[in-house]
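Below is one structure, written out as C-alpha cells, with a few remarks after it.
Every number in this text was worked out from the coordinates using simple rules, so none of it is lab data. On a predicted model such as this, the values are computed, not experimentally measured, just so you know. Every residue, glycine among them, receives a Cβ derived from its backbone with ideal geometry; neighbour counts consider all protein chains shown.
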Amino acid sequence: MPNKKTIFIIAGEVSGDVLGANIMRELPGFNFVGVGGQNMCDAGLKSIFPMSDLAVMGIVEVLANARTLKRRIRDTIQKIIDVRPCLVLTIDSPGFARSVIDGLKKSRAGRDLIRDGMRFYHVVAPQVWAWRPGRAKKYAKTFDKLYAFFDFEVPYFTRYGLETIAVGHPIADNIIGKYAAKNPKGKKIVALMPGSRRSEVKKLMPVFRDFVGMIGDKYKFVIPTVETTDTIVRDMVADWTVRPEIISSQDRYKLYEKTYIAVAASGTVSVELSMVHVPAIIVYRMNWLTTIIGKILVHVQWVSLVNILLNRSVYPELLGAAASAKNILREFNRIATDGVARRQMVDELKSADKLWRPDNKSVGARIAMDIKKSI
C-alpha cells in the first residue's frame, strides 16, 4: 500500500523549485522525496539527483543530454517504487513528468501502487489555447488532477475528464500589492528590457539603440540584466550616444516602482510589468523561419498574457518585422504624451489583479489545501 504520509515531488527548473518549496511548507507532517533545487531542499526535500540534470531546453540540447535524461527517468521510476508515495506531484517539466508516469504504468510494481491508490497531480497547464491543443487529451490520460493558473484554461481539460483547478499565477504572490508606483524627481525613467536569453538580447538591443537615439537624453534609460546577459549588454551599449544605466535583474522591482514606461521583450517580464501596473510596449524579434512556423502553429491574437486574460489590447505588441525603432517611438509618444491614454492603460492593468490572484491565499497554499482534502 502507498505511504499516506509520503509525497514524491518533481520540479525541473527554478520557478518550479520556488513553487514546490511553497507547497511543501504548507504541508507539515508529510515526508517529501523527489527532484528539486535549493529552495525545495531548504524546505525539507531529499532530492535524489541535482535538478540541473533536468534543466535542458531546446531540441539540440535535449538530444545531447538524452542519455542522462533516460537514466534519470529510470532512477526516478525506481525511487517512486521504493518509497511508495501516496502522491506523485509534478511541477511543469511535462516531458520528464509524463515519461516517468508512463514508465510506472508499464511496470508491474507501478501498476500495483496505482491500483492501491497512488495518484498523479500536475502543476502548470500547457498553453493548449495557444498551440497544440491535442496535448489536453494526452494530459487527461496521464494525470489524475491538474492545477492550472487561470479559469479560462479549465474547460480545455475538463472536456476530456481531467479534474482541473485554477489556482492563480505564482508570480502574483510576490508582486501584487507590494510594489506601488513612485514619482522620482528628475528625468522620467524608461526601462529597456531585452530579455534573459542572449539570442533575444542580440536581436533587440540594436532596435533599442536606434529608439534611444531618436529620443535623445530627454529620458533616463535603465536596463536590468541577468548574469548570462550582463556582459553582452554592456558591450552593446558602449557606443550608444545616450548611455543607459545597467542594473542587476535582482533590483528590477525597485526599478518598476520608478518606471514611467517600459519597452520589454515578450515573456515573464511582461507579466511582472502588468502585475505592478507599469505601462509598457511589448516587442519581440525572431528569425524568419520561427516567425513563419509561429504564424502557422500559434492560434492566439496576442502574445502578452494580460491582453489574453482581458481579451483586449492593453499592451501594444510589436512582433517580428514590426518591432522597429520607428514603431516603438510611435507607440511611446502616444502613451507618453497622452495622459488619458496612459491612465487608461494603468486602470486596465489594475482590473486584471483578480485574474492573476483570486484571493489573499498564495498559489502554494491553494494547492496544498486541495492536496490535504484529496489524499
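Counting Lys and Arg as +1 and Asp and Glu as -1, each charge on the Cβ, what is the dipole of the chain about the Cα centre in debye, to the nearest 20?
Result for the chain is approximately 640 debye, rounded to the nearest 20.
For the chain, just the Cα atoms, rotate onto the principal axes and tell me the three extents in Å, largest first.
Answer, in whole Å and largest first: 69, 43, 40 Å.
Test of understanding: what is the full-extension gain from F49 to R342, defined as 0.36 nm times their sequence separation minus their Cα-Cα distance?
100.6 nm
When L69, L162 are ordered from fewest to most other Cβ atoms inside 10 Å of their Cβ, what list results?
Listed from fewest to most nearby Cβ atoms, that is L69, L162.
Please report the projected area of the range 241-287's Cα convex hull averaged over all directions, in nm².
Convex hull of Cα atoms, orientation-averaged projection: 4.3 nm².
Ratio of alpha-carbon Rg to the 2.2 N^0.38 Å globular estimate for the range 73-220, to two decimals, please.
1.54
Projecting each Cα onto the charge dipole of the chain (Lys/Arg +1, Asp/Glu -1 at the beta carbon, about the Cα centre), which of P194, G110, F96 comes out farthest on the positive side?
Highest projection toward the positive end goes to G110.
Normalising by the residue count of the range 211-284, find the relative contact order in percent from Cα pairs under 8 Å and 6+ residues apart.
Values: 70 pairs, mean separation 19.6, N = 74.
Averaging sequence separation for qualifying contacts and normalising by length gives 27 percent for the range 211-284.
Could you put C86, C41 in order, starting from the residue whose Cβ has the fewest other Cβ atoms within 10 Å?
Placing the least packed residue first, the sequence is C41, C86.
With the contact rule set at Cα under 8 Å and sequence spacing of 6 or more, what percent relative contact order holds for the range 1-152? The partial results should precede the final answer.
On the way: 233 pairs, mean separation 37.2, N = 152.
RCO, the range 1-152: 24 percent.
Loop-only chymotrypsin sites (Phe, Trp or Tyr not before Pro) in the range 117-183, please: DSSP not H, G, I, E or B, and at most 16 other Cβ atoms within 10 Å.
W129, W131, Y160
Could you line up E257, E245, E317 from fewest to most neighbouring Cβ atoms inside 10 Å? Intermediate values should be presented prior to the final figure.
Values: E257 15, E245 12, E317 20.
Ascending Cβ contact count within 10 Å gives the list E245, E257, E317.
If we count trypsin sites (Lys or Arg not before Pro) as exposed when they sit in a DSSP loop and have at most 12 other beta carbons within 10 Å, what is the longest stretch of the chain that avoids them all?
Result for the longest clean stretch: 1-158.
Would you kindly state how much longer the chain becomes between K182 and N311 on full extension, computed as 0.36 nm times their sequence separation minus their alpha carbon distance, in nm to one decimal?
In short, 43.6 nm is gained.
Pairs of Cα atoms under 8 Å, at least six residues apart: use those to get the relative contact order of the chain, whole percent.
15
On a 0 to 90° scale, report how tilted helix 288-297 is relative to the longest principal axis of the chain, with both axes built from alpha carbons and the result rounded to the nearest 10.
That works out to roughly 60 degrees.
Any idea which of Y253, A43, I81 is furthest toward the positive side of the dipole for the chain, if Lys and Arg beta-carbons carry +1 and Asp and Glu beta-carbons -1?
Value computed over the given set: I81.
For every helix of n ≥ 4 consecutive DSSP H residues, a contribution of -39,500 (n - 2.57) applies; sum these over the chain, divide by its total residues, and give [θ] at 222 nm rounded to the nearest 500 deg cm²/dmol.
Using -39500 (n - 2.57) per qualifying helix, the result is -13500 deg cm²/dmol.
Per Stokes-Einstein, at 37 °C and 0.692 mPa s, what whole-number D in µm² s⁻¹ belongs to the range 83-134, with the Kirkwood radius over Cα pairs as the hydrodynamic radius?
Calculated translational D: 270 µm²/s.
Output the Kirkwood hydrodynamic radius of the range 189-355, Cα pairs only, in Å rounded to one decimal. Walk me through the numbers before you get to the answer.
Numbers: mean 1/r = 0.0619 Å⁻¹.
So the Kirkwood estimate lands at 16.1 Å.
Which Rg and Dmax, in Å, describe the Cα atoms of the range 136-256?
Spelled out, the Cα radius of gyration and Dmax of the range 136-256 are 20.5, 59 Å.
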